[in-house]
Amino acid sequence: MLSRFFIIIILFLYSCSKEEVIYKPTNKSDPYTLYQEGLKAFNNNQYFFANKKFSEAELNFEIIELAAKSSIMSSFSLYGMNFYDEAEENLKRYLETYPGDKNVIYAHYLLSIIYYEQIEDQKKDLKPLIKAKEQIDFFLKKFPDTDYAIDLKFKKNLIRSQIAAKELFISKYYISTQKWVPAINRLKIIINKYDDTIFVEEALHRLVEIHYHIGLEDEAKKYANILGYNYNSSKWFEQSYKVLNKNYKIVKEKDIKKDDNLFKRILKKIK
């Protein structure tokens, strides 16, 4: 009786499997329609839907140029949503898959912008800044005569200033904890690599302060001379002079007579 039951079950399953459709191929999606749907969504700021359609279009295009264009638009849609990591990953895949595409320059530019926009204030980590600087340096070296290069040159200058600001912030932290060697090293980075930024003046002054504090007066005077030679009218030159001359009183601009010259008066005291 039991064996008969199993035979019936097997025959039932076999008959069902004969009628069941295991796989039914579907018609291939029209990549042009998908791309147009993605473009319409993109123009309406519907970036999530646009990314989906552009990704589908890339998979369905047989023409490699159109597949590459769909990939770029997919990355741009991800960027539009501030999905920076996903956009970066997609762009890198695009560059590996379509290295000869005409939009490669734009892909590298968009990578630079993605890194640049992730830069935060000077209290944060240096890594995003360094990453953005390296990508922009790469772009400017490889594509120096493009329209994008003009924008990235401006952004590079801003990045240099921000790196200098971060280095100065870190050095001040070391100063506050009396870690003189790492503080000096950070300040030297500013004066050696970022001497075209506004932070070099304060960096020189802090070097004067530190060396004077630890008893290296000759070193302190050396940095004070550099500061005075290059930035003799800055407030940091006055502050450094006061470190080396305790009896010197910094004269405020409102206390100076119209025919007085503050710099000449400081030079006279130095001599």
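None of the figures in this text is laboratory data; all of them are computed from the coordinates on show. Treat the numbers as computed from the prediction; the structure is a model and nothing was measured. Cβ placement follows ideal geometry from the backbone for every residue including glycine, while neighbour counts extend to all protein chains displayed.
The stretch between K193 and S233 holds 12.2 nm of extra length on full extension. This uses 0.36 nm per residue minus the Cα-Cα distance. As a calculated quantity, the FRET efficiency between Q178 and L95 at R0 = 45 Å, using C-beta atoms, amounts to about 0.40.
For the residue pairs K53/K92; K172/K222; K92/K131; K127/K156; K53/K142; K166/K235, the C-alpha atoms sit more than 25 angstrom apart in K53/K142.
Between I130 and F154, what is the FRET efficiency for a Förster distance of 22 Å, r being their Cβ-Cβ separation, to the nearest 0.05? Walk me through the intermediate numbers first.
On the way: r = 19 Å, r/R0 = 0.84.
Efficiency at R0 = 22 Å is approximately 0.75.
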